[in-house]
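The values are calculated or read from the model by the stated rules, or taken from the named source; none is laboratory data. Everything quoted here is computed from the prediction, not taken from an experiment. As a convention, Cβ positions derive from the backbone with ideal geometry for all residues, glycine included, and neighbour counts pool all protein chains shown. Note: accessible area is taken over every heavy atom of the protein model, side chains too, but ligands, DNA and RNA are not part of it. Shrake-Rupley method; radii C 1.70, N 1.55, O 1.52, S 1.80 Å.
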Amino acid sequence: MPAGRIARVVADLKVLPRQFWLLAAAIFVYLIGVDMSYPYEALYLNSRLDVSMTTVGLILGATMFATLPMHVVGGALCDKLGRRAVLLIAMLGSMTLYTGLGLTRDLGVIVALITFEAAFGWAQFITSSNAMVADLTPPEGRAEAYSVSRVALNAGAVIAAVIALPLLAADPSFRLNFLASGAVCGIVFVMVLV
């Protein structure tokens, strides 16, 4: 990339405030936590709990319907409680799912955890973090800000895979992955809180 283009990109990114960069860091770490385990939920249900793949598909597909209306609810909660409060709720939702998956083998509890996280985890995270990006950035920097937040999401997903593989090698039961994901979401909870 030519030096002039690099200078222009750096200048564009300097428009973004410090608070935005803290949010981008939280997004990055959160995606590491989630994607260390999310891709393995179906494998866990099938290989460790002997749930057929058809039933796994029904469980994961049906619980995702909890996500749809919760985006609307999340938007209202963001306006009423504030974006940060809703982001904290999201972290609690994700922590609950992954810690629960690491601690239980009861299918009914797992379905409840997945449904709970679909409604109060990812749905609230994406709603509140997107609202925060808009709040924290000036209109002229908003396109760059959403681009940076998308890069943070994707980079977190890539790093998560790199971290997950040694954890799976150390503990093929998925328990270590799930508990580590819960812990990483807890770190993001603390990042958002302070």
* Distance histogram in 10 Å bins (all Cα pairs of segment 1-72, percent per bin) -> 15, 23, 26, 16, 15, 4
* Asked: With each run of n ≥ 4 DSSP H residues scored as -39500 (n - 2.57), what mean residue ellipticity at 222 nm is computed for the chain after dividing by its residue count and rounding to the nearest 500 deg cm²/dmol?
  -> -26000 deg cm²/dmol
* To do: Please list the radius of gyration and Dmax for segment 1-133, considering alpha-carbon atoms only, with Å as the unit.
  => 18.2, 58
* Structure fact -> Relative to the chain, whose Cα atoms define the longest principal axis, helix 83-103 and its Cα axis are tilted in degrees, nearest 10, by 30 degrees
* Structure fact -> In whole Å, largest first, the alpha carbons of segment 80-194 cover along the principal axes 48, 32, 24
* Asked: What whole number of Å gives the distance from the Cα centroid of segment 143-158 to the Cα centroid of segment 77-142?
  -> 17 Å
* Asked: Taking the Cα atoms only, what angle lies between the long axis of helix 123-136 and the longest principal axis of the chain, rounded to 10 degrees?
  -> 10 degrees
* Taking only protein heavy atoms and a 1.4 Å probe, what accessible area per residue, in Å², does the chain have with all protein chains in place? -> 50 Å²
* Cα centre as origin, Lys/Arg/Asp/Glu Cβ charges: the chain dipole, Debye -> 420 debye
* Helix 107-117 vs. the chain, principal-axis angle (Cα, 0 to 90°, nearest 10) -> 10 degrees
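Computed over the Cα atoms, what is the radius of gyration of segment 97-158 divided by 2.2 N^0.38 Å, N being its residue count?
Numbers: Rg = 16.0 Å, N = 62, 2.2 N^0.38 = 10.6 Å.
So segment 97-158 has a normalised radius of gyration of 1.51.
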* Compute the Rg/Rh shape ratio of segment 33-93: radius of gyration over Kirkwood radius, all on alpha-carbon atoms. => 1.11
